[in-house]
Structure formats: structure tokens, C-alpha cells
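What follows is a single structure, written as C-alpha cells, with notes after it.
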Amino acid sequence: MSANETVETLMQRSYGVELTEADGKVWMEIAELHLLVEGANAGEAFDKLNAEKRRIFESYIAADKGAKVPLPGAERERRALGGALKPFLIKASVVAFIGVLLVVAANVSVFYLLETAPKSVAKKAGRAAIQNLQHFAAEEMTPEKQQKLRLAMRDVVAKLQPFSAELAPLFPCTARGGTAQ
């Protein structure tokens, strides 16, 4: 970038100008540049202000300190606010990322639990049923136990009888008196 382009870039910055009229003179001030000019009218003061701004910017560039030219107040505040917000935004992003990771981990855990819990319960119930059947088979059946078992089965069959008509379509071979294939 040439020095002239840099001066023109600096001249495009929007510095706040304070205008004061006193004793028939017009004063213009740019506080950030510590620049104060006077003129007979606003036009003359504005031209002097721009000429002085250009002279100041050229001096900074000649001293190779163009980057140290004071920023306009609004831009300085914007940069300061951006600098102050940057740590907050970084921390907020990290917290949000950790939150997403926790939600995903909880989701995976819940699905794993829902998938494995029924299998585990079914395995335990199956083992218990097999143990009960093995215990029942190993136990000797006395005539009294046999009679008790028959009575219990008759009660169960009597209670399930009303449902057999509804379940018959599920077993077509038994409903028609046929045999299983």
C-alpha cells in the first residue's frame, strides 16, 4: 500500500467534530486527534480542519507510525467492546459445546438402558422360570400335590375358557380340529 493510499484511507475515517461559534469565529475540534482550527465561517473552518488532518496523517506515515493514528471514538469503543466480548463468547461457546456433549451422552445412555434393560429382565425371568421348573421336576409328586395341581389347572382353564374363542383364529389347525403342519 502506498503512502498516499494510506493517507486517503485515514482521511475516510469518521471522526466526531465539535463545532463552536464565538466572537464571530467558527471553531472545529477533533478531540481524538487533539486538533482545533478556527475559521471565519463553517466552510473555511472545515477546509482548515481537513488540511490539518491530512498534515497529521502524513506526519504519522512519514515517521512509519501509521498504525498508531488514534481511532475515531465510535471505532475505538467498538473495538474495545469486541475485545471485551471475545473471552465471554469463547467461554459461552465452550459451555454450549460441553452442554451438547452432555445431552448426547445422556441420550446414548438412555437408549442403551432402554435397549439392554428388557433383555436383562427377560434373562433373569427366564433363569428363574427354568430354576422353578427344574425344582418342580426334581421334586417328587405326591398324590396330594398331583390333586392340588389338577384343581389349580381346572380353575385356570375355567377362567381362560371365555378367551379361547377369541384366540381360536390364531391357531387355525386346532380351531378346525386339524393337526399342526
Being of a type in the set (A, V, I, L, M, F, W, C) and more than 30 Å from Gly16 (Cβ to Cβ) narrows Ala84, Ala92, Ala63, Ala80 down to just Ala92
Condition first: surrounded by 10 or more Cβ atoms within 10 Å (Cβ to Cβ), modelled with pLDDT under 85 and among the β-branched types (Val, Ile, Thr). Can you find one or more residues in the stretch 121-139 that meet it? yes
Which of the following residues is outside any helix (DSSP H, G or I) and hydrophobic (A, V, I, L, M, F, W, C): Leu19, Leu89? Leu19
Does Arg54 satisfy being closer than 23 Å to Glu18 by Cα, surrounded by 10 or more Cβ atoms within 10 Å (Cβ to Cβ) and at pLDDT 90 or above? yes
Can you pull out every residue in the stretch 3-41 that is among the small types (Gly, Ala, Ser), out of contact with any helix residue (DSSP H, G or I) (no Cβ under 6 Å at 6 or more places or on another chain) and closer than 19 Å to Val69 by Cα? Ser14, Ala31
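The values are calculated or read from the model by the stated rules, or taken from the named source; none is laboratory data. What you see is a predicted model, and the numbers here were worked out from it, not measured in a lab. Quick reminder, even Gly has a Cβ in these numbers, built from the backbone with ideal geometry, and neighbours come from all protein chains shown.
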